[in-house]
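Just below is one structure, and these are the notes that go with it.
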């Protein structure tokens, strides 16, 4: 692997211009007034911890995407364990694009416990960042739909990963993870449905939650003790 200091110098700079989100109290009050099912969950669960706890720094867009790729289709505990092994290989932090591409793919896979597909996705992300095809520095200025369009153009970054990036890294307040299995299961249980809801059903149920659908999703995940880590 290349020298860490040299690699960090080559990492694309990201200068976030963040939109200040609403207070959790204000958002929770709106959700409680708009949906009695959420009102019950919010009363039972209480205030949630900050979404950013334990996550990459706000300006580390690349590290956040690495974390999201690692967590795809894994339980919270498994994702945290694998991500921990990955960062341990790079001195306790996410690898830069240069560092990741310089590492031996098979050694990286074995050390972190990643699948070969995910190693390929991580390398694709690094290549897109280095080539400039994915400009991380301007994602803060884009609307949610445009951020999703930029991310899903990279192999391995699907809509789930884009939603997690919007919700937990950019901290956008009005995102609903329609394809997340945990959200579907939580809605099925909380709303007494006979089967897992479709995307159209989730969107209809979530309509009254606007403009705070992110917090609603976090409460649904928490109701199953399964918020993405």
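Rule-based calculations on the coordinates, nothing more; no lab input. Just so it is clear, the model here is predicted, and its values are computed rather than measured. Glycine gets a Cβ as well: all are built from the backbone with ideal geometry, and neighbour counts include every protein chain shown.
The table below lists the values:
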quantity: Footprinting exposure proxy for 82, 202 (fewest neighbouring C-beta atoms within 10 Å first); calculated: 82, 202
quantity: Computed Rg/Rh of the stretch 61-169, alpha carbon atoms with Kirkwood Rh; calculated: 0.94
quantity: Nearest-ten-degree value, helix 116-131 long axis tilted from longest Cα axis of the chain; calculated: 80 degrees
quantity: Distance between the stretch 157-229 and the stretch 101-148 - C-alpha centres, whole angstrom; calculated: 24 Å
quantity: Computed helical MRE - 222 nm, the chain, DSSP H runs ≥ 4 contributing -39500 (n - 2.57), nearest 500; calculated: -16000 deg cm²/dmol
quantity: The chain: angle of helix 76-89 to the longest principal axis, Cα-based, in degrees nearest 10; calculated: 20 degrees
quantity: Descending principal axes extents, the chain, alpha-carbon based, whole Å; calculated: 55, 34, 28
quantity: Ranked packing of 70-80, 95-105, most packed first, by mean Cβ within 10 Å; calculated: 95-105, 70-80
quantity: Mean separation of Cα contacts under 8 Å (6+ apart) over length of the chain, as relative contact order %; calculated: 26 percent
quantity: Relative contact order (%) - criterion: Cα under 8 Å, at least six apart; region: the stretch 61-169; calculated: 29 percent
quantity: Order by protection proxy (mean Cβ within 10 Å, highest first), peptides 42-51, 167-176, 212-221; calculated: 212-221, 167-176, 42-51
quantity: Tilt relative to the chain, helix 24-34 - C-alpha long axis, 0 to 90 degrees, to 10; calculated: 40 degrees
quantity: Residue exposure sequence - 90, 121 - by fewest surrounding Cβ within 10 Å; calculated: 90, 121
